[in-house]
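Below: the structure, in C-alpha cells.
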Amino acid sequence: MRRVTAAAMVGAALLLAAGCSSSSAGTTSSGRGSGNTDPAPVTVRLGFLENITHASALVGLKEGFFSQALGSAGTLKPTAFSTGTQETVAILAGQLDAAYVGPNPAINAWQKSGGSAIKIVSGAATGGASVVVAKGITSAGQLKGKTLATPSLGNTQDVALRYWLKQNGLTTTATGGGDAFIKPTTPNSAAVLEFKSGQIAGGSEPAPYDIEMVSDGGTVLVSEPGVTTLLVVTQSFLSAHPAIVADLIKAQIQANAFIKSNPAAAEADANAELATYTGKPLKASLIAASFKEITFTDDPDESSLTTDASQAVSLGLLKSVNLSGIFDLGPLNQALAAAGQPQVSS
C-alpha cells in the first residue's frame, strides 16, 4: 500500500475550475471488482483528512480492514488532505474514487457538479468539533472585533461558526470582514499555533485540534452537533465497480465496530496512522479526549446534512441546492444486515 500526501496531487487540481464535470472521475482506475471481466485489480484512490474525526479511515487503514475487504480485486491508494475543500477539488478533478469528507464539502461537490459527482454511501462520525476561545470569553458578543480560525472557507466548521455568530447577532464576510473576523487557516495545526501565541482569539476546529487548543488554555464555547464525517464515492466509480464500493463499506463498518469494541487499541491505531502523514504522533491524552467527543456511526444522518445545507445557503456561501438523490444507502444497508446491525434510512 503506497501512501501519498495531498500536496502531490492537489496542486495541479487547484488550477482546475472547481465546478468542472466529474464525468471522468475514477476513469483512470483500471481493473475489476467482483462481477467484472477485467482480471486486473482496481486501484481505489481514497481520500481522508488528517483529523481524528476521520478515525474510521485511520483505523481501517491501520488494521488492514480496507485491504482485507478488497482482497485480490483491488489495491488501495490513500491520500491525506488538510481540508475538505481540497478533497472537493480532487473529487471534481477526477483524482479520487472515494473520500471521507465533511457534510459541507459533500454538498459542495454535489452542487458544483449538478448532482453528477458523488453519492453518500455511509456515515462515519458525528460530533467532534468545537468553537474554542481564549480564557475569559464567555459569550458571542465578546468576539466582536476578534479573529477566529476555521479550516477553510465554506467547510463544515466554517459554516457552523459563521451561522452561530449570525444567530447571536454578529456578521461575517467571506473576505474576513464583518463584526467577527473569520480567518481560514491551513493546516489546522497552524491555527493551534496561532491560538497558543495569541494571534487569534479562538477557532472552530475538528478534533484533535480543538482539544489541543483547550490544552493550551482555551475554553469550549460551543460544541458543534451533527454529522462530521461521511464516506462518499464518485458516481462513475460506483457505476463501474459496485462490488468494490461494497467492499469499502464493509471495511467502514468493521472500522467503526472495532472503535466501539476496542477503544484503546483504536486510539493507538488512529494516532499511529495519523503520524505517518503528519510526521509525529500526538499525546495519547489528546487522542483519548478527541475520541470522547466523537460518536462513530455508520448512519449518515440525513436531517443533519439538510441543516448544514440550509445554514450555508443562509450565509450566502452556497446557492440553493436540491439534495434529492445525494444518498445511495442500499449497499450500506445490505452490509449492515450481513453484519447483523440495524439498517439506516434516508
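With K and R counted +1 and D and E -1, the other residues having a Cβ less than 11 Å from that of Leu58 yield a net charge of -4.
One Cα centroid belongs to segment 204-243, the other to segment 248-284; the line between them spans 14 Å. Computed about the Cα centre, the dipole magnitude for segment 62-177 is approximately 400 debye when only Lys and Arg (+1) and Asp and Glu (-1) carry charge, each at its Cβ. Given +1 on the Cβ of Lys and Arg, -1 on the Cβ of Asp and Glu, and no further charges, what dipole in debye does segment 145-279 carry about its Cα centre, rounded to the nearest 20? Using only the charged Cβ atoms, the result is roughly 320 debye. How would segment 270-330 be classified by its alpha-carbon gyration tensor: rounded, prolate or oblate, with rounded meaning a/c under 1.5 and the a/b versus b/c comparison settling the rest? In terms of gyration-tensor shape, prolate. Accessible surface area normalised per residue over the chain is 38 Å², counting heavy atoms of protein chains with a 1.4 Å rolling probe. Ranking Ile326, Ile211 from most to least accessible surface, computed with a 1.4 Å probe over the protein chains only, gives Ile211, Ile326. Each label was represented as a point 7 Å from its Cα along the Cα-to-Cβ direction; for Gln142 and Lys292 these points are 2.3 nm apart.
In a DSSP loop and with at most 11 other Cβ atoms within 10 Å, the trypsin sites (Lys or Arg not before Pro) in segment 53-152 are Lys135.
With θ taken as phi - 60° and the Karplus curve 6.51 cos²θ - 1.76 cosθ + 1.60 applied, the whole-hertz 3J(HN,Hα) list for segment 184-195 is x, 9, 10, x, 4, 4, 5, 5, 4, 5, 5, 5 Hz, x standing for glycine and proline. The computed Cα extents along the principal axes in Å for the structure shown corresponds, within (i) 130, 49, 41; (ii) 60, 50, 44; (iii) 62, 42, 39, to (iii). Database remark: amide H of Thr43 closer than 5 angstrom to the amide H of Ser30, Thr75 (H placed geometrically; neighbours at sequence offset of 5 or more, or on other chains; Pro and chain starts carry no H). If you fit an axis through the alpha-carbon atoms of helix 242-261 and take the longest principal axis of the Cα set of the chain, what angle between them do you get, 0 to 90°, nearest 10? Tilt relative to the chain: about 50 degrees. All other residues whose Cβ lies under 15 angstrom from that of Val313 are scored, Lys and Arg at +1 and Asp and Glu at -1, for a net of +2. Can you tally the net charge around Gln157? Count Lys and Arg as +1, Asp and Glu as -1, for every other residue whose Cβ sits under 13 Å from the Cβ of Gln157. The answer is -3.
Extension gain for Ser314-Thr278 works out to 9.4 nm (0.36 nm per residue, less the C-alpha to C-alpha distance). Candidates Trp110, Ser130, Leu143 compared by Cα position along the dipole of segment 92-166: farthest toward the positive end lies Leu143, with charges placed on Cβ. The relative contact order of the chain comes to 25 percent, based on Cα pairs under 8 Å that sit 6 or more residues apart.
The values are calculated or read from the model by the stated rules, or taken from the named source; none is laboratory data. Remember, it's a predicted structure, so these values are computed and weren't measured experimentally. Note that each Cβ is placed from the backbone with ideal geometry, even for glycine, and that neighbours are counted across all protein chains shown. Ligands, DNA and RNA are stripped out before the accessible areas are found, and what is left, the full protein with its side chains, is counted by its heavy atoms. Shrake-Rupley method; radii C 1.70, N 1.55, O 1.52, S 1.80 Å.
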